[in-house]
Structures are given as structure tokens and as C-alpha cells.
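One structure is given here, and the rest of the page talks about it.
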Amino acid sequence: MNKYIEANPATNIHDFNAINDHINYLEEKLPMIEDNSIDVVISNCVLNLVSTKEKEQLFIEIYRVLKDGGKAVISDISSNIVVPEEMRNDENLWSGRKGKDGPCIDKGQSVIYKGPFKHIEDDDDHTYQRGERTFVCEKTFNILQQEPYAQLFEFLDENDRQVDSNDECCTPTCNC
């Protein structure tokens with residue numbers, strides 16, 4: 001790329017567009033990794049950093065470089081419910097931050113604050129709005145189940161949900 005730019009410096013918008021066209025050519029015709037050339041692709045907690053609109057292309061690229069019989073090993077943040085945009089944009093939720101009394105580990109648990117106040121905040125900066133679901137880490141979930149907090153919250157643990165195999169519909173849209 002450097003050689004191309006040295007030979008074709010951008011002095012106007014036409015030259016700049018020509019450089020972009022060359023970059024697109026390189027990306028499409030001369031990818032850094034050849035098709036069908038990798039045995040294993042490993043991703044450890046980085047896919048969540050890719051924008052939602054670019055995720056499909058990411059998986060297409062993973063599939064493109066994998067050899068027949070190759071494996072994609074992915075360890076990442078996932079959710080079995082639609083994540084609201086406000087939560088997607090909350091850096092603290094994605095960072096796996098450490099609270100005051102130890103690490104925050106997400107186990108699909110959430111709480112609903114029942115009141116009496118409009119909202120409350122704990123020492124780890126969690127804010128609970130009355131009547132709204134708030135996702136919490138395992139540590140916070142366990143603390144809130146103890147007195148004097150337990151009677152103020154409803155507890156939702158996605159891992160404890162039972163699925164009836166006789167249900168007609170058992171997809172995420174059916175809430176089975």
C-alpha cells in the first residue's frame with residue numbers, strides 16, 4: 001500500500017478516491033488470509049466489540065478462511081433476549097468491571113426493584129428503577145437475595161427457567 005501511495009500521491013479528491021478504490025481492490029482480490037486456509041479460528045471476548053451491522057460480514061470472513069472441517073471457537077458475551085440499545089452502549093456492562101466486593105460475573109441474572117422509592121443506587125453504582133428489570137452480576141444478585149434487601153426485589157434467573165418440551169412454540173420469540 002505504501003508503494004502505491006508513493007507512486008500515486010493524493011493531491012485532489014480524484015486521487016483520494018483512486019486510493020480508496022485500490023484499498024477496496026486489495027481487500028476483495030488479495031485478502032490477508034487465503035480462502036480455506038485456517039484450521040481453527042479462536043475469538044476470546046472480542047466479537048462484542050464489532051458493530052451489529054458488521055457482525056454478519058465478520059462471520060462470512062470466518063467461514064471463508066476456515067478449511068473444510070475447520071472449527072470456530074468463540075467465547076463471548078451473549079444474550080437470549082433482545083438487548084436494549086441503552087444497554088448495548090453501556091461500557092461498564094461490556095467491560096466485566098470489578099465491583100467493591102469482588103469481580104462481577106454475568107450469569108444471566110436480573111432483578112426488578114419493587115419500591116417504595118422511584119429509584120435507588122447501591123455502592124457498586126447499580127441504579128434500580130422501580131418496576132424495571134435491571135441486569136446484575138452474580139455477586140450483586142446473591143447480596144440482594146439476603147436481608148434487608150430481599151423483600152424489595154423480584155429475582156429473575158434465566159438459568160433456572162424450565163422449558164416444557166410439550167410447548168407448541170419453543171423459540172426466543174415465544175418466551176418459552
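The values are calculated or read from the model by the stated rules, or taken from the named source; none is laboratory data. Model, not experiment: these values are computed from the prediction. Quick reminder, even Gly has a Cβ in these numbers, built from the backbone with ideal geometry, and neighbours come from all protein chains shown.
Miscellaneous remarks
- Verdict on Cys170 being over 27 Å from Cys45 (Cβ atoms), loosely packed, with under 14 Cβ neighbours inside 10 Å and either within 25 Å of the chain's Cα centre (by Cα) or at pLDDT 90 or above (or both): yes
- Qualifying residue in the range 48-57 (condition: farther than 30 Å from Asp35 by Cβ, surrounded by 12 or more Cβ atoms within 10 Å (Cβ to Cβ) and at pLDDT below 85): no
- Residue satisfying condition, being surrounded by 10 or more Cβ atoms within 10 Å (Cβ to Cβ) and either outside the structural domain of Thr134 (by TED's automatic domain parsing) or farther than 29 Å from Ser110 by Cα (or both), within set Lys67, Lys3: Lys67
- Pairs where the first residue, in the range 139-162, is exposed (fewer than 13 other Cβ atoms within 10 Å of the Cβ) and the second is part of a helix (DSSP H, G or I) and modelled with pLDDT of 90 or more, C-beta under 9 Å, 6+ apart: Ala150/Leu144
- Reported count of residues in the range 113-137, each being surrounded by 16 or more Cβ atoms within 10 Å (Cβ to Cβ) and not hydroxyl-bearing (Ser, Thr, Tyr), is 5.
- Residues that are touching a Leu at 6+ places or on another chain (Cβ under 8 Å) and in a strand (DSSP E or B) were ranked within the range 64-78; the one that is nearest to Asn36 (Cα to Cα) is Ala72.
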